[in-house]
Amino acid sequence: MSRYVEPTRMDHLFNRVVAGLTRFGISLWGSRILYVRGRSSGEWRTTPVNVLTLDGSRYLVAPRGITQWVRNLRAAGNGELHVGRRIETFSATELPDAEKPAILRAYLKRWGWEVGRFFEGVDASASEEQVKAVAAGFPVFRIN
């Protein structure tokens, strides 16, 4: 599945505000700036992300689907998370669809107000079958 939701002007504005605050060291609800090497250029690419912690593991979820950062992270396998001057390097493992439902549900509980519109009517209270049905469209990476 190659689901991708194009960002709106409001998405771009929201991301700029969140990224600006995060660069100054103010993390909003777990926000970080993801730095990942471009798969063609090798140059650092950045975007704000939400890091989910669940049962002792941490995850990056791509609510808009197969974005450029997803493609770059798949190619690179690692990256950096920045908040202010703090930099954390990590390696990433993409999860199979069968492992995603609990993570997607937790992500929606935490950030549904922000990303719920990308989930095609599925929210944190959706049935297991509904979450499984959309899981393929949402890349999830375990980071460590």
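The values are calculated or read from the model by the stated rules, or taken from the named source; none is laboratory data. Quick caveat, the model's predicted, so the values are computed rather than measured. Every residue, glycine among them, receives a Cβ derived from its backbone with ideal geometry; neighbour counts consider all protein chains shown.
Looking for whichever is touching a helix residue (DSSP H, G or I) at 6+ places or on another chain (Cβ under 7 Å) and of a type in the set (Asp, Glu) here; the options are GLU80, GLU94, GLU6, GLU99. Which one fits?
Answer to the selection: GLU94.
Which one is surrounded by the fewest Cβ atoms within 10 Å (Cβ to Cβ), of the residues in segment 105-129 that are assigned to a helix (DSSP H, G or I) and of a type in the set (A, V, I, L, M, F, W, C)?
The selected residue is TRP113.
Of the residues that sit in segment 6-31 and are touching a Lys or Arg at 6+ places or on another chain (Cβ under 9 Å) and outside any helix (DSSP H, G or I), which one is surrounded by the most Cβ atoms within 10 Å (Cβ to Cβ)?
Once the filter is applied, the top-ranked residue is GLY30.
Return the residues of segment 48-63 that are surrounded by fewer than 17 Cβ atoms within 10 Å (Cβ to Cβ) and touching a helix residue (DSSP H, G or I) at 6+ places or on another chain (Cβ under 6 Å); say none if nothing qualifies.
LEU54
When THR22 is evaluated against the numbered criteria (1) modelled with pLDDT of 95 or more; (2) closer than 24 Å to LYS100 by Cβ, which criterion, by number, is the only one it fails?
(2)
LYS132: in a helix (DSSP H, G or I), closer than 26 Å to VAL17 by Cα, more than 13 Å from the chain's Cα centre (by Cα) and in contact (Cβ under 8 Å) with a residue 12 or more places away in the chain, yes or no?
No; evaluated as a whole, the condition is false for this residue.
Can you name every residue in segment 64-104 that is in contact with an Asp or Glu (Cβ under 9 Å, 6 or more places away or on another chain) and either crowded, with 16+ Cβ neighbours inside 10 Å or at pLDDT below 95 (or both)?
ARG64, VAL70, LEU73, GLU80, LEU81, HIS82, PHE90, PRO101 - these are the residues of segment 64-104 that are in contact with an Asp or Glu (Cβ under 9 Å, 6 or more places away or on another chain) and either crowded, with 16+ Cβ neighbours inside 10 Å or at pLDDT below 95 (or both).
Out of GLU80, GLU99, GLU88, report the one residue that is among the acidic types (Asp, Glu), in contact with a Leu (Cβ under 6 Å, 6 or more places away or on another chain) and within 18 Å of THR53 (Cβ to Cβ).
Only one candidate passes the filter, namely GLU88.
Can you tell me which residue among TRP44, TRP113 is farther than 18 Å from ARG3 by Cβ, at pLDDT below 95 and over 12 Å from the mean Cα position of the chain (by Cα)?
Step by step, each of TRP44, TRP113 is checked, and only TRP113 is farther than 18 Å from ARG3 by Cβ, at pLDDT below 95 and over 12 Å from the mean Cα position of the chain (by Cα).
Is segment 54-63 home to any residue that is more than 14 Å from PRO139 (Cβ to Cβ) and without any contact (Cβ under 8 Å) to a residue 40 or more places away in the chain?
Yes, because at least one residue in segment 54-63 is more than 14 Å from PRO139 (Cβ to Cβ) and without any contact (Cβ under 8 Å) to a residue 40 or more places away in the chain.
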